[in-house]
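> Let me begin by handing over the structure; questions about it come next.
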Amino acid sequence: MSIHKEIKRITTQVLQEMKAEKQKIAMLTAYDFSMARILDASGMDILLVGDSASNVMAGHETTLPITLDQMIYHAASVIRAVRRALVVVDLPFGSYQGNSRLALESAIRIMKEAGAHSVKLEGGQEIENSVRRILSAGIPVMGHLGLTPQSIYKFGTYTVRATEEEEANRLKEDAMLLESLGCFALVLEKIPASLAKEVTGSLHIPTIGIGAGPHTDGQVLVSHDMLGLNKGFSPRFLRRYANLYETILNASQQYIRDVKSSNFPNEQEQY
Ligand code: KIV
């Protein structure tokens, strides 16, 4: 039996063992209590309270507008539902880039007020001091390299990153740096599969890919995308496991018909 089926709670140490034993790690995003309860019951290893909440929950075009208070609200809702998964919470844009003290204060608020298990920050060498300081407070940190959506206005586009040698080399250096600082895992977003394979092979900590091919130690998707709630977003890496848009649309339309035709409520559905 695989180790992750036997254990009661996923910790950063369990993830390390899963990498060593070549067991893949499954991660999805969660932003609210009801969804987190289902995802946790499914046996998901990691739930990410991603700043993608800015897009899928609040309807913003980018992840930049979401605030630390809003992330704490989402994270606390998820934490109340979770019994087994490790919960990682994104530090939102503006809550850590300023200086390492700001970063530590933001991370502490997420741990204290939401009860999170760990935090995730985007970037490499440019956030070294912040990562160092958060880790020194005993807070586990997940790194995030490749396409880092908080830098979308620098990139100008959401296309695949690190296709050129210079950027690929910088990414490899950043990955080694984040591991040496003490990060427990690393998200690799939208980079060539061959580069993700090389980085994964060179690290002792697990890599979790999104649009980074099959060779990473785990995979992550935005739950709303993989459940088919979001019709307009179809990147190549996205596999849809359900079509909840249609399911919810059909159920809502049936409800409207039943209300309008006085078919709901019936005799059994009243007091
Ligand atoms: O915010 C998010 O959902 C993420 C994942 C795409 C990794 O950072």
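The values are calculated or read from the model by the stated rules, or taken from the named source; none is laboratory data. None of the values given here were measured: they were computed from a predicted structure. Virtual Cβ from ideal backbone geometry, glycine too; neighbours counted across all protein chains shown. Heads up: the accessible areas ignore ligands, DNA and RNA and are worked out on the full protein's heavy atoms, side chains in. Shrake-Rupley method; radii C 1.70, N 1.55, O 1.52, S 1.80 Å.
> Of the residues 258, 225, only one is outside the structural domain of residue 13 (by TED's automatic domain parsing), at pLDDT 95 or above, open to solvent by less than 90 Å² (accessible area, probe 1.4 Å) and in contact with a Phe, Trp or Tyr (Cβ under 8 Å, 6 or more places away or on another chain); which?
Values: 225 fails: outside the structural domain of residue 13 (by TED's automatic domain parsing).
On inspection, the qualifying residue turns out to be 258.
This table checks each residue for (1) without any contact (Cβ under 8 Å) to a residue 40 or more places away in the chain; (2) over 34 Å from the mean Cα position of the chain (by Cα).
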{"position": "224", "(1), (2)": "no, no"}
{"position": "228", "(1), (2)": "yes, no"}
{"position": "236", "(1), (2)": "yes, no"}
{"position": "248", "(1), (2)": "yes, no"}
{"position": "251", "(1), (2)": "yes, no"}
{"position": "256", "(1), (2)": "yes, yes"}
{"position": "259", "(1), (2)": "yes, yes"}
{"position": "263", "(1), (2)": "yes, yes"}
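> Looking at this structure, is residue 148 among the β-branched types (Val, Ile, Thr), within 16 Å of the ligand (Cβ to nearest atom) and open to solvent by 10 Å² or more (accessible area, probe 1.4 Å)?
So residue 148 passes the test.
> Checking residue 233 against (1) more than 20 Å from residue 38 (Cα to Cα); (2) within 16 Å of the ligand (Cβ to nearest atom); (3) at pLDDT 95 or above; (4) among the hydrophobic types (A, V, I, L, M, F, W, C), which test does it fail?
Exception for residue 233: condition (3).
> With a cut-off of at least 3 residues that are open to solvent by less than 30 Å² (accessible area, probe 1.4 Å), name the helices (runs of 4 or more DSSP H) lying wholly within segment 9-114.
Filter on segment 9-114 gives 12-20, 33-41, 68-81, 100-109.
> Could you tell me how many of the residues in segment 128-166 are under 30 Å from residue 112 (Cα atoms) and among the acidic types (Asp, Glu)?
Filtering segment 128-166 for residues under 30 Å from residue 112 (Cα atoms) gives 128-152.
This time we only want the ones that are among the acidic types (Asp, Glu), so: 128.
Of the residues in segment 128-166, 1 are under 30 Å from residue 112 (Cα atoms) and among the acidic types (Asp, Glu).
> Can you give me the number of residues within segment 229-271 that are among the hydrophobic types (A, V, I, L, M, F, W, C), outside any helix (DSSP H, G or I) and over 30 Å from residue 159 (Cβ atoms)?
1
> While we're on this one: Can you find a residue that is open to solvent by 40 Å² or more (accessible area, probe 1.4 Å) and not aliphatic (A, V, I, L, M) anywhere in segment 204-213?
Yes - at least one qualifying residue is present in segment 204-213.
> Something else about it: For segment 178-213, what are the residues that are assigned to a helix (DSSP H, G or I) and in contact with a strand residue (DSSP E or B) (Cβ under 9 Å, 6 or more places away or on another chain)?
178, 179, 181, 193, 195, 196, 199, 200
> Do we have any residue at all in segment 82-92 that's more than 17 Å from the chain's Cα centre (by Cα) and touching a residue at least 40 places away in the same chain (Cβ under 8 Å)?
Yes: segment 82-92 contains one or more residues that are more than 17 Å from the chain's Cα centre (by Cα) and touching a residue at least 40 places away in the same chain (Cβ under 8 Å).
> Moving to a separate point now. Got a number for residues in segment 116-145 being open to solvent by 30 Å² or more (accessible area, probe 1.4 Å) and over 18 Å from residue 181 (Cα atoms)?
Count: 1.
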